[in-house]
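Below: one structure, written as structure tokens.
The values are calculated or read from the model by the stated rules, or taken from the named source; none is laboratory data. What you see is a predicted model; the values in this text were computed from it and never measured. Note that we place each Cβ from the backbone using ideal geometry, even for glycine, and neighbour counts take in every protein chain shown.
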Amino acid sequence: MTRSLLTSLASGVAGAVALTAIHQAAQRRIPDAPRMDVLGMRALRRFVPAFEHERPRSSRLHRWALAGDLIANSLYYAAVPAKTTGATWARAAALGLGAGAGALWLPQPMGLGEPPKSASRANQLMTVAWYLTGAMTAAMAATALRRRSSAA
């Protein structure tokens, strides 16, 4: 594997882990917290035959939804690293804002229903901010890895 591919994947994983950690911590403490895990469980029940008859919030379904979120977000945030540091941060901003907006607007057209509590302005702001935070974490990781590889 090339160094740039490894940098992209590692950066993507860093961003996805940050996003998932924020989501999981907040859902326990903030009443209107975004629940992307719920959308992941809905998607599994709808599109994966093995989960079609699973209870809506079973722990098995939840674990698979979190794993799917980590994989999908890792691949998405792997697109953050660019040729220059400035381009990396600009790409992170665009991808983070786009992911946050998409998380609010796409579930309904995809047949997943409304995201839980998404009518709340606080929920909407948290959703966009957290996806942006994941992207910025990916940019931070990419920048650090680039510096480290150029110093070696």
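Taking ASN73 as meeting all but one of (1) modelled with pLDDT of 95 or more; (2) polar (S, T, N, Q); (3) over 16 Å from LEU19 (Cβ atoms), write down the number of the exception.
Looking at each condition in turn, ASN73 falls short on (3).
Just to verify a result, which residue in region 38-77, among those that are within 15 Å of the chain's Cα centre (by Cα) and aromatic (Phe, Trp, Tyr), is farthest from ALA92 (Cα to Cα)?
Among those residues, the one meeting the criterion is TRP64.
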